[in-house]
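Everything on this sheet refers to the single structure shown next.
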Amino acid sequence: MAHPPKSANNDVPGITAIHAFADNYIWMISNGREAIVVDPGQAQPVLEALAAQKLELTAILLTHHHQDHVGGVTALLEATQAKVYGPAGETLPFCDVALRQGDTVSDAALQLKLSVLDVPGHTADHIAYFGHLATTPILFCGDTLFAAGCGRLFEGTAAQMDASLAKLAALPGETRVYCAHEYTLSNMRWARTVEPGNHELQEWQHSATLQRTQGIPTLPSTIGQELACNPFLRARIPTVAQSAAHWAQRELHSPVEVFATLREWKNNFR
């Protein structure tokens, strides 16, 4: 039985999290009549949420090709008339509208307008969607940016991911960050080893821990929170660079080298 959708932290009316697999979130944007979902790795939880709220699925937004993000597309298309949007450079199970940076996705009924950003790194042609729901800035970033973390480099390079994260970091600080996995607490345990003196991170970890004990998503975060707490967005901060160099036991000569070291550190963190 799928978990019921729950409202996220930093609630934006009309956006809910649908749980999938062990730790995925499928984000649903709705207005009481119509709905859009982002990265439906499973169809059944989406269909249950649509039925429970009597919603019509009108669109599916995809950020990249990994199965836990696209696995539910075919079944959703069998049950609905949704239009599928996704990255032009990736092989997807189905795609009506292929997107690249500079393209937009709009839905007047949902008061939604999203701009497409190219954010390679996790995959070669990963995209993100940034825009506004009513007046609130929102970001659907798939597996590029996580709360206090970022995606592994499966197809891209450290330089690409560093540049992609810099692009996201330049968004307004109040932007709500809707990433696709509940990795927050494990990311924070690692981030605390990178910056043990970061008091904002300590406070965020405390509140996130309380949320998880109540079964509430720790997401969305905000760009402001990530800039203050996420080591991957802080590779140019001297204390973070020094911590990475200490872990690597060698000098690091550029922010990209610091970023690559942080990613290796996180890959091996237990």
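The values are calculated or read from the model by the stated rules, or taken from the named source; none is laboratory data. From a predicted model like this one, the values you see are computed outputs, not experimental measurements. Don't worry about glycine lacking a Cβ; one is built from the backbone with ideal geometry, like all the others, and counts go over all protein chains shown.
Regarding Thr58, is this residue part of a strand (DSSP E or B) and in contact (Cβ under 8 Å) with a residue 24 or more places away in the chain?
Working: part of a strand (DSSP E or B): yes; in contact (Cβ under 8 Å) with a residue 24 or more places away in the chain: yes.
In short, yes.
A single entry from Thr135, Thr144 fulfils the requirement of being of a type in the set (S, T, N, Q) and at pLDDT 95 or above: Thr144.
Tell me, which residue of the stretch 90-112 that is over 29 Å from Thr136 (Cα atoms) and not hydroxyl-bearing (Ser, Thr, Tyr) is surrounded by the fewest Cβ atoms within 10 Å (Cβ to Cβ)? Per the stated criteria, the residue is Phe94. The single residue among Gln211, Gln205 that is assigned to a helix (DSSP H, G or I), at pLDDT 95 or above, farther than 23 Å from Gly142 by Cβ and out of contact with any Cys (no Cβ under 6 Å at 6 or more places or on another chain) turns out to be Gln205.
Taking each residue of the stretch 129-153 that is more than 18 Å from Leu62 (Cα to Cα) and of a type outside the set (Phe, Trp, Tyr) and looking for partners that are modelled with pLDDT of 95 or more and in a strand (DSSP E or B) with beta-carbon atoms closer than 6 Å, six or more apart or interchain, yields Ala147/Ser221. Residues in the stretch 103-122 that are modelled with pLDDT of 95 or more and in a loop (DSSP other than H, G, I, E, B): Asp103, Val119, Pro120, Gly121, His122.
If I filter the stretch 232-243 for residues that are within 29 Å of Pro40 (Cβ to Cβ) and under 20 Å from the mean Cα position of the chain (by Cα), do I get at least one hit? Walk me through how you get there before you give the answer.
Residues of the stretch 232-243 that are within 29 Å of Pro40 (Cβ to Cβ), as a first pass: 232-233.
From what's left, under 20 Å from the mean Cα position of the chain (by Cα): 232-233.
There is at least one residue in the stretch 232-243 that is within 29 Å of Pro40 (Cβ to Cβ) and under 20 Å from the mean Cα position of the chain (by Cα).
Among the residues of the stretch 127-153, those that are hydroxyl-bearing (Ser, Thr, Tyr) and within 23 Å of Ala20 (Cα to Cα) comprise Tyr129, Thr144.
Which of the residues spanning the stretch 177-200 are surrounded by 22 or more Cβ atoms within 10 Å (Cβ to Cβ) and either among the basic types (Lys, Arg) or part of a helix (DSSP H, G or I) (or both)? The answer is Thr184, Asn187, Met188, Ala191, Val194. Evaluate the following for Gly41: is it touching a Cys at 6+ places or on another chain (Cβ under 7 Å) and under 23 Å from Arg152 (Cα atoms)? Answer is no for this residue. A count restricted to the stretch 29-41 and to residues that are out of contact with any helix residue (DSSP H, G or I) (no Cβ under 6 Å at 6 or more places or on another chain) and either buried (at least 20 other Cβ atoms within 10 Å of the Cβ) or in a strand (DSSP E or B) (or both) stands at 6. Which one is nearest to Thr123 (Cα to Cα) among residues in the stretch 133-159 that are of a type in the set (A, V, I, L, M) and part of a strand (DSSP E or B)? Step by step, filter the stretch 133-159, then rank; the result is Leu145. Candidates in the stretch 49-76 are the residues that are crowded, with 19+ Cβ neighbours inside 10 Å and of a type in the set (Gly, Ala, Ser); of these, the one that is farthest from Ser30 (Cα to Cα) is Gly72. Answer with yes or no whether Thr222 is within 21 Å of the chain's Cα centre (by Cα), closer than 21 Å to Phe269 by Cα, β-branched (Val, Ile, Thr) and at pLDDT 95 or above. No; evaluated as a whole, the condition is false for this residue.
With respect to Met161, determine if the residue is touching a Phe, Trp or Tyr at 6+ places or on another chain (Cβ under 9 Å), under 25 Å from Asp11 (Cβ atoms) and among the hydrophobic types (A, V, I, L, M, F, W, C). Criteria not met by Met161.
How many residues, within the stretch 160-176, are outside any helix (DSSP H, G or I) and either under 29 Å from Gln42 (Cα atoms) or in contact (Cβ under 8 Å) with a residue 24 or more places away in the chain (or both)? Give the derivation first.
Quick first cut of the stretch 160-176, residues outside any helix (DSSP H, G or I) only: 170-176.
Remaining after also requiring either under 29 Å from Gln42 (Cα atoms) or in contact (Cβ under 8 Å) with a residue 24 or more places away in the chain (or both): 171-176.
Of the residues in that region, 6 qualify.
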